[in-house]
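Trainee: Below you'll find the structure I mean.
The values are calculated or read from the model by the stated rules, or taken from the named source; none is laboratory data. For clarity, every value in this text was computed on a predicted model and none was experimentally measured. All Cβ positions, even for glycine, are placed from backbone atoms using ideal geometry, and neighbour counts span all protein chains on display.
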Amino acid sequence: MGNTIRALVAFIPTDRCQNYVVRDLQEMPLDKMVDLSGNQLRRFPVLVCSFTELVKLYLSDNHLNSLPPELAQLQNLQILALDFNNFKALPQVVCTLKQLCILYLGNNKLRDLPGELSLLQNLRTLWIEANCLTQLPDVVCELSLLKTLHASSNALRLLPSQLQRLRELRTIWLSGNLLADFPAVLLHMPFLEVIDVDRNSIRYFPSLAHLSNLKLVIYDHNPCRNAPKVRKGVRRVGRWAEETPEPDPRKARRYALAPAPPPPLLPPSRVAAAVCQGPNSSTS
């Protein structure tokens with residue numbers, strides 16, 4: 001939808017917005033994508049549900065708090081964006097869209113996620129940042145193919161131990177929560193590549209040097225007394241990040257077993273003096 005239409009919609013009463021939106025959606029888009037973001041929608045246009053081949057649906061930045069059951073007709077949907085709306089609970093119909101790979105739920109009012117979310121076994125990316133979550137919903141740990149989890153800006157104090165079941169998880173974003181300790185479960189997830197715990201209340205970081213796939217750790221804005229130790233080549237963002245990371249334990253062992261270096265040679269002037277004095281001379 002063009003910028004001109006969006007600008008006009010901003011000045012139209014919300015109960016009339018849908019008429020303008022529907023007028024622009026008379027047939028299935030060739031790119032199999034519908035973008036209704038930023039249209040002040042309070043009701044989802046049911047007409048969209050007739051586009052059964054739809055792959056991408058963007059509903060960001062509206063005033064939605066529910067979705068119609070007809071949404072279940074979109075069984076080819078792979079990307080669904082519901083962020084920046086007024087959802088207090090995730091509509092159950094979303095859990096019927098089994099081809100979803102990416103689900104955006106950020107900046108809503110969610111306090112939990114339904115158990116039926118586990119039906120979305122193709123989900124690779126889940127955005128739940130800036131909601132009202134006080135704990136990570138257990139159902140997230142059942143999304144076996146999840147690669148990226150965005151859970152920043154909530155009120156999380158810890159993470160469930162079941163999270164280590166997600167062996168495909170590569171990046172986890174936890175900034176802006178209430179973590180007082182570095183989540184212990186992350187220490188048992190060597191497949192992680194990115195860990196973000198920026199803006200929490202962590203006072204001490206355990207060594208992360210054993211996380212063999214780690215590439216980036218962000219720990220800035222924590223009241224920590226130390227920087228997390230990491231393998232060589234891992235980028236750190238935070239206080240003391242410029243310090244040398246923990247050395248490779250194999251190199252440390254090699255250095256420990258190496259023979260002691262020979263004593264340094266005397267400078268030429270000292271050698272000449274020794275020769276002149278002879279073996280029996282004494283020094284003052």
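Trainee: All but one of (1) over 30 Å from the mean Cα position of the chain (by Cα); (2) under 18 Å from Leu97 (Cβ atoms); (3) modelled with pLDDT under 95 hold for Val21, so report the exception by its number.
Mentor: In the conditions (1) over 30 Å from the mean Cα position of the chain (by Cα); (2) under 18 Å from Leu97 (Cβ atoms); (3) modelled with pLDDT under 95, Val21 misses (2) alone.
Trainee: In the stretch 100-151, which residue that is small (Gly, Ala, Ser) and surrounded by fewer than 21 Cβ atoms within 10 Å (Cβ to Cβ) is farthest from Asn76 (Cα to Cα)?
Mentor: To start, the set of residues in the stretch 100-151 that are small (Gly, Ala, Ser) comprises 106, 115, 118, 130, 144, 151.
Then drop every residue that is not surrounded by fewer than 21 Cβ atoms within 10 Å (Cβ to Cβ), which leaves 115, 118, 130, 144.
Details: Gly115: 22, Ser118: 18, Ala130: 28, Ser144: 20 Å.
My answer is Ala130.
Trainee: Could you figure out which of (1) over 24 Å from Asp83 (Cβ atoms); (2) in contact with a strand residue (DSSP E or B) (Cβ under 9 Å, 6 or more places away or on another chain); (3) assigned to a loop (DSSP other than H, G, I, E, B); (4) not basic (Lys, Arg) isn't true of Asp198?
Mentor: (1)
Trainee: If you check Leu163 against the conditions, is it under 19 Å from the mean Cα position of the chain (by Cα) and assigned to a loop (DSSP other than H, G, I, E, B)?
Mentor: On the way: under 19 Å from the mean Cα position of the chain (by Cα): yes; assigned to a loop (DSSP other than H, G, I, E, B): no.
Considered against the rule, which asks whether it is under 19 Å from the mean Cα position of the chain (by Cα) and assigned to a loop (DSSP other than H, G, I, E, B), Leu163 comes out as no.
Trainee: For the stretch 169-184, does any single residue satisfy the condition of being in a loop (DSSP other than H, G, I, E, B) and farther than 27 Å from Cys132 by Cβ?
Mentor: Residues of the stretch 169-184 that are in a loop (DSSP other than H, G, I, E, B), as a first pass: 169-170, 174-183.
From what's left, farther than 27 Å from Cys132 by Cβ: none.
Among the residues of the stretch 169-184, not one is in a loop (DSSP other than H, G, I, E, B) and farther than 27 Å from Cys132 by Cβ, which makes the answer no.
Trainee: Hey, among Val197, Val217, which residue is touching a Pro at 6+ places or on another chain (Cβ under 7 Å) and surrounded by 16 or more Cβ atoms within 10 Å (Cβ to Cβ)? Before the answer, list the steps.
Mentor: On the way: Val197 fails: touching a Pro at 6+ places or on another chain (Cβ under 7 Å).
Result: Val217 is the single residue among Val197, Val217 that is touching a Pro at 6+ places or on another chain (Cβ under 7 Å) and surrounded by 16 or more Cβ atoms within 10 Å (Cβ to Cβ).
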